[in-house]
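Working notes, beginning with the structure itself.
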Amino acid sequence: MQLLDGKKIASEIRKELKEKIDVLKSQSKSVPGLVAILVGENPASQIYVASKSKACEEIGMKTKVEKFPSTLSEKELISIIDKYNSDNEYHGILVQLPLPKHINENKIIESISPKKDVDGFHPMSVGNLVIGKETFVSCTPAGIQELLKRYYINTRGKHVVVVGRSNIVGKPIANLMLQKNDYANSIVTVCHSAASDISYYTRQADILIAAIGQPEMIKGDMVKEGVVVVDVGINRIEDKTSSKGYRIVGDVAFDEVSAKASFITPVPGGVGPMTIAMLLSNTFKAYKLYGE
Ligand code: NDP
């Protein structure tokens, strides 16, 4: 069994981007910029935004965090996004989800210019992904594919089984792996909570992608020997032996499944770091395509 070390690969990607940005700076050119918009006081969102912004700073990208109270109206948020849609210094706009209940997330996502949609959530980006056109692919699916690529995992004709059909992970990774491209071109099955026996599908997987949000749900007897496992899940479970009182586990029972897997992502240190690296990479791409 070999680990798919997302932490290591993400750090390589960040280094590569930093080198490119250093070149831009040495030529006195502008640099890529990302604005992150945070509405409300959700503690997890605050942590996510801070770590994304720190990652930008570390590679020399311009970054700004715009924080607003949860009383901000939908109309006000749209006008803030509009301002950044025409601001040449910011090539990527990220609106941290979830938003307060009175704000319609779909409306907000649609108000971001597709040219600055570095999260890849805009319907135009999603549509382009489905029809196989070059686009911004949302960061977690893009990170999974990049990880497979950097470990030279053969995906062509392989049976990829995705558990989960969310708009941010399950559906886009299924579409990505279906494309007639390198590190895709797979036979894809997507399953979800309506499946009466999920193991019927998971046992057939050459590559299993678990994006469920259920701690250690995929057990050793649910996979075949040699499977490649990508565990997207981030779940907190109680752990009295830890000083924090909890620990983070994935959707896959790591010890049991890794005994059968050829490759597997750890949690933490697998898909999570790749997601942030892809946000940086998408922002660099937005700069190259529309902002240089
Ligand atoms: P969602 O809750 O939006 O979707 C979960 C999916 O899993 C749904 O499609 C649901 O089915 C399916 N599901 C839930 N329970 C079962 C079950 N018992 N059997 C079969 N299918 C089931 O989650 P996300 O996609 O947003 O996230 C999934 C996990 O990945 C979470 O732990 C999240 O924290 C993590 N995550 C990690 C990221 C990273 O960077 N590493 C980024 C994003 C998410 P149905 O549609 O029928 O309800």
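The values are calculated or read from the model by the stated rules, or taken from the named source; none is laboratory data. It should be emphasised that the depicted structure is a prediction, and the values quoted were computed from it without experimental measurement. FYI the Cβ positions are ideal-geometry reconstructions off the backbone, even for glycines, and counts take in every protein chain you see. Protein only, heavy atoms only, side chains kept; ligands, DNA and RNA dropped before computing areas. Shrake-Rupley method; radii C 1.70, N 1.55, O 1.52, S 1.80 Å.
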Please specify each residue of the stretch 26-62 satisfying the condition of being without any contact (Cβ under 8 Å) to a residue 60 or more places away in the chain, more than 19 Å from residue 274 (Cβ to Cβ) and surrounded by 15 or more Cβ atoms within 10 Å (Cβ to Cβ). 35, 37, 38, 42, 45, 46, 60, 62
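Could you list, in sequence order, all residues of the stretch 171-197 that are near the ligand (Cβ under 9 Å from one of its atoms), surrounded by 15 or more Cβ atoms within 10 Å (Cβ to Cβ) and over 18 Å from residue 118 (Cα atoms)?
First, the residues of the stretch 171-197 that are near the ligand (Cβ under 9 Å from one of its atoms): 171, 190-195.
Remaining after also requiring surrounded by 15 or more Cβ atoms within 10 Å (Cβ to Cβ): 171, 190-191.
Listed by number, the residues that qualify are 190, 191.
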Considering only residues of the stretch 198-238 that are under 13 Å from residue 161 (Cβ atoms), open to solvent by 60 Å² or more (accessible area, probe 1.4 Å) and in a loop (DSSP other than H, G, I, E, B), which is farthest from the ligand (Cβ to nearest atom)? 224
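Output yes when any residue across the stretch 265-278 is under 25 Å from residue 52 (Cβ atoms), assigned to a loop (DSSP other than H, G, I, E, B) and open to solvent by 60 Å² or more (accessible area, probe 1.4 Å), and no when none is. Spell out how you get there, then give the answer.
Here is the first cut: in the stretch 265-278, the ones under 25 Å from residue 52 (Cβ atoms) are 265-278.
Those left that are additionally assigned to a loop (DSSP other than H, G, I, E, B): 265-270.
Next, from what is left, pick out any that are open to solvent by 60 Å² or more (accessible area, probe 1.4 Å): 268.
Yes, because at least one residue in the stretch 265-278 is under 25 Å from residue 52 (Cβ atoms), assigned to a loop (DSSP other than H, G, I, E, B) and open to solvent by 60 Å² or more (accessible area, probe 1.4 Å).
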When you check residue 122 against the structure, is it over 19 Å from residue 63 (Cα atoms) and surrounded by 18 or more Cβ atoms within 10 Å (Cβ to Cβ), yes or no? yes
Hits in the stretch 118-169 - residues which are part of a loop (DSSP other than H, G, I, E, B), in contact with a helix residue (DSSP H, G or I) (Cβ under 6 Å, 6 or more places away or on another chain) and within 13 Å of the ligand (Cβ to nearest atom): 121, 138, 164, 165, 169
